[in-house]
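Comments concern the structure below.
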Amino acid sequence: MALLDDIISVFNFLAIILGSILLLLLILSIMIVVIATLLLIYTIKTGKVLFPNLLVLGIMFFEGPIKAVTRLFGFDDSNIDRISIDMKNRAMWATFSKIPFEKRAVFIPQCLRSVDCPARLSPEGIKCKDCGLCDITRAKKEAERLGYMLFVVPGSSFIVRMIRKYRPEGIIGVGCLCEVKEGLDLMHKNKIPAVGVVLDKSGCVSTVLDWDKLFEVMNVSDPSVQPVQPAEQPASKDQTF
């Protein structure tokens, strides 16, 4: 009986310790969510970033709760996604900038093509014919000048396939807000330095991109140059990173 009482006492003690740890973790999580939410609201209102490491930590582990809280203050989820992309671009910028141009790849969504585009889908995406009907021709020439691999793709499956085939060491992904965010997360999991450039106007066709912004990113080889800011338009789920 004494042995049984001792075992019960040990289990009770362990339960108290475990409960205390869980309570502390819960309190810590709530504190991080509150602080990260306040920092996000400040960033959205002022455009200035305070304590970026804490902000990234909060978004990375508590994105759902943070978005739920910011909705109560009237902010759209795209505000959080935009800041998340900006933070991830900044985090990868120095590493990406040091990668030789010829070991980088840029992925452009097919929605940027002209509606009269004569190019057809191939196993490696849309092959630009240099017709000049859209600015993808300019991007192709810039990629060739620098030595980039450039792919015009209809979906994320093409991106994964080309990455497996050509093994780029750095990636520039163009797309709508949510797709760029998801693409950066995917590249982070695969330990590939990546930078996202967000479309100025999303949709299925006739989308809009600040091409000069893309060319600026493509030409960067100096870590001291600041990364471009993501676009301020609402996100759409129709585009490809």
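Relative contact order for the range 119-158: what percent, with Cα pairs under 8 Å and sequence separation of 6 or more?
Values: 31 pairs, mean separation 17.4, N = 40.
So the answer I get is 43 percent.
In degrees between 0 and 90, to the nearest 10, how far off the longest principal axis of the chain does helix 177-189 point, with axes built from Cα atoms?
Long axis of 177-189 versus the principal axis of the chain: about 70 degrees.
So, in Å, what gap is there between the alpha-carbon centers of the range 17-69 and the range 76-130?
29
Take the chain, connect every pair of alpha-carbon atoms lying under 10 Å apart with a spring to form a Gaussian network, then pick out the residue of Ile163, Ile171, Ile126 with the largest mean-square fluctuation.
Ile163
For helix 77-97, report the angle its Cα long axis makes with the longest principal axis of the Cα atoms of the chain; keep it between 0 and 90° and round to the nearest 10°.
Roughly 70 degrees, rounded to the nearest 10.
What is the projected area of the convex hull of the Cα atoms of the chain, averaged over all directions, in nm²?
Values: hull surface 69.7 nm².
The orientation-averaged projected area of the Cα hull of the chain comes to 17.4 nm².
Write down the radius of gyration of the range 2-75 and its Dmax, each obtained from C-alpha positions, in Å.
In order Rg, Dmax, the Cα atoms of the range 2-75 give 19.1, 66 Å.
How do Leu22, Leu133 line up, fewest other C-beta atoms within 10 Å first? Provide the component values of the computation, followed by the final result.
Details: Leu22 10, Leu133 15.
Taking fewest neighbouring Cβ atoms as first place, the list is Leu22, Leu133.
From the helices alone, meaning DSSP H stretches of at least four residues, give me the mean residue ellipticity at 222 nm for the chain, per-run term -39500 (n - 2.57), in deg cm²/dmol to the nearest 500.
Values: 7 runs with 131 residues, N = 241.
It lands at -18500 deg cm²/dmol.
Need the full-extension length gain, Arg71 to Arg167, defined as separation in residues times 0.36 nm minus the C-alpha distance. One decimal, nm.
30.6 nm
Sort all Cα-Cα distances of the range 46-183 into consecutive 5 angstrom bins from zero, then give the percent of pairs in each bin up to the one containing the longest distance.
With a bin width of 5 Å, the distribution comes to 2, 9, 16, 17, 17, 13, 12, 8, 5, 1.
None of the figures in this text is laboratory data; all of them are computed from the coordinates on show. Computed from a predicted structure; not experimentally measured. Every residue, glycine among them, receives a Cβ derived from its backbone with ideal geometry; neighbour counts consider all protein chains shown.
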